[in-house]
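The values are calculated or read from the model by the stated rules, or taken from the named source; none is laboratory data. Note that this is a predicted model, so its numbers are computed, not measured. Ideal geometry is used to build each Cβ from the backbone, glycine not excepted, and the neighbour counts take in all protein chains shown.
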Amino acid sequence: MWIILGFFLSMSVFALEPFEVLKNVKILRVLPNNIVMLNHGIEDGLIKNDHIKISNEVDGFGSRAICIKISATTSYWRLYRVPNGNAFSLDYTYTIQGIANREIPFPEANILDTEHKISEVEIKKEEQGPNPLNVKRDLPERLTERDLINATGPDKRKLVVEEAINQERFKRDFTDNRLSVYASPFTRQSINEGESYRYGFRGGNIASKYRFTTQFDQQQSKLKDPLTDASVSTRSTAGQAQFVIHRLKKNVSTLTLLNYNSFRFSSLATPKNHWQVGAIGFTWHLYESKSLEYFDLSYIPLIDVRETDTIDNKTKTKKIVKKSGLRHGFKFAMKSKINERISFENLLWFRPFQDPSNWAIKGDDMNLTLDLKVIFNLASNFYFDYNLIFMRDILWRELNDLPENNVINSLNFRYDFEFN
């Protein structure tokens, strides 16, 4: 019994776990039907039927692949999802990353049950050359965000501007897109002690370098005064558009941002309109690992324009107060994988206000938002989220005599659509 148990434990060691990475991988040989031979085998922790994505620093994502044959020091892989056949060259060094086998789509899953006969041919150095391999473009299904890798541009020797503006990569990065729709059966916020319903969407492209995302979120509720039976409705609306040039340098990305939000209590809105526009900022990628997908710090200067409804104490009429200035936007973001189906996200924004009339920074006007989220992957593209949001805005208190803190708890169901 102990021998059998030890056998299975040893088998679990020699398998590439999801998100595990092997570097310095070379292609030794190319065969028909998009089969390649790599210079890593059982001694490197690989086994037959392993599922990986292949990438390199020059062209980014290359393909996904399934191991169909393996020896001690080499292995054969059937490539699929190949967006660019020219991304494969004998001159390149590749990185492979493990993917769970449940992510293999149909009909590629049939590869696992097929016996492949491959003749062992000794590789001669003179047969290797700099020309791209005969790998064909192959996209039976759309790419997903798990396919994305950190790219630094098509040629490291190019100038920074040439790397940042690559028209061919730009067109390719906008061929696959994703739309996520979500709705909340339960949302409760502390500012009005009321329950509401929440819905919205997130959209963007699935890309390795040029990334555009947009988001719309709305919450609505209706409260009744127990003494007067009068109904009071509230509605909050938030929108965001963001453009990123990912990995402009090894650990730096650019950030362009547009934010909008409004918060209406019956006939009063605080704010009525609130715009934040940032033309250029930067994100520093501080750390990433198998379990920590990203750990980033960003800074972007924001032009801040805000309109708020208030009540004049003398005339008892509604008036609009306008305020504009500069905010220094600091963002801390991280995402951690607990296991294959559960992950945790943390997003913290604090944006101190700077008055352009005297350039003084108001330390108490931080416009702070803390967004914590636990994500459960229920099925392939179906998710359940618990979301906790803490918001602090002193202008709620100064202009409308409302609490300056608001805590929102919500349970969300989300579904992702992919299209091109």
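Selection of segment 251-284 for residues being within 20 Å of the chain's Cα centre (by Cα) and either within 20 Å of Ser221 (Cα to Cα) or among the hydroxyl-bearing types (Ser, Thr, Tyr) (or both) yields Ser253, Thr254, Thr256, Thr283. If you go through segment 246-259 and keep only what is in contact with a Phe, Trp or Tyr (Cβ under 9 Å, 6 or more places away or on another chain) and surrounded by fewer than 16 Cβ atoms within 10 Å (Cβ to Cβ), you end up with Asn251, Val252. Between Phe330, Phe282, the distinction of being in a strand (DSSP E or B) and farther than 20 Å from Phe212 by Cβ belongs to Phe330 only. Within segment 101-119, is there a residue that is at pLDDT below 50 and among the aliphatic types (A, V, I, L, M)? So far as segment 101-119 goes, no, none of its residues is at pLDDT below 50 and among the aliphatic types (A, V, I, L, M). Within segment 18-66, being assigned to a strand (DSSP E or B), in contact with a helix residue (DSSP H, G or I) (Cβ under 8 Å, 6 or more places away or on another chain) and either in the same structural domain as Ile338 (by TED's automatic domain parsing) or aliphatic (A, V, I, L, M) (or both) holds for Leu22, Ile66. Hey, any hits in segment 340-357 for a residue that's of a type outside the set (Ser, Thr, Tyr), without any contact (Cβ under 8 Å) to a residue 12 or more places away in the chain and either surrounded by fewer than 15 Cβ atoms within 10 Å (Cβ to Cβ) or over 24 Å from Val181 (Cβ atoms) (or both)? Within segment 340-357, not a single residue is of a type outside the set (Ser, Thr, Tyr), without any contact (Cβ under 8 Å) to a residue 12 or more places away in the chain and either surrounded by fewer than 15 Cβ atoms within 10 Å (Cβ to Cβ) or over 24 Å from Val181 (Cβ atoms) (or both). Going by the structure shown, is Val58 modelled with pLDDT under 85 and farther than 14 Å from Asn101 by Cβ? In short, yes.
Name the residues in segment 261-293 that are over 30 Å from Lys316 (Cβ atoms), free of Cβ contacts under 8 Å to residues at least 60 places away in the same chain and not acidic (Asp, Glu), would you? Across segment 261-293, the qualifying residues are Val277, Gly278, Ala279, Ile280, Gly281, Phe282, Thr283, Trp284, Leu286, Tyr287, Ser289, Leu292.
Within segment 368-389, not a single residue is touching a residue at least 12 places away in the same chain (Cβ under 8 Å) and over 26 Å from the mean Cα position of the chain (by Cα). Residue-level analysis places Asn406 outside the set of residues that are part of a loop (DSSP other than H, G, I, E, B) and either free of Cβ contacts under 8 Å to residues at least 12 places away in the same chain or under 26 Å from Leu297 (Cβ atoms) (or both). For the criterion of being charged (D, E, K, R) and part of a loop (DSSP other than H, G, I, E, B), Arg235 fails. The listed residues are Val374, Val321, Val305, and the only one of them that is in the same structural domain as Arg188 (by TED's automatic domain parsing), in contact with a helix residue (DSSP H, G or I) (Cβ under 8 Å, 6 or more places away or on another chain) and surrounded by fewer than 17 Cβ atoms within 10 Å (Cβ to Cβ) turns out to be Val321.
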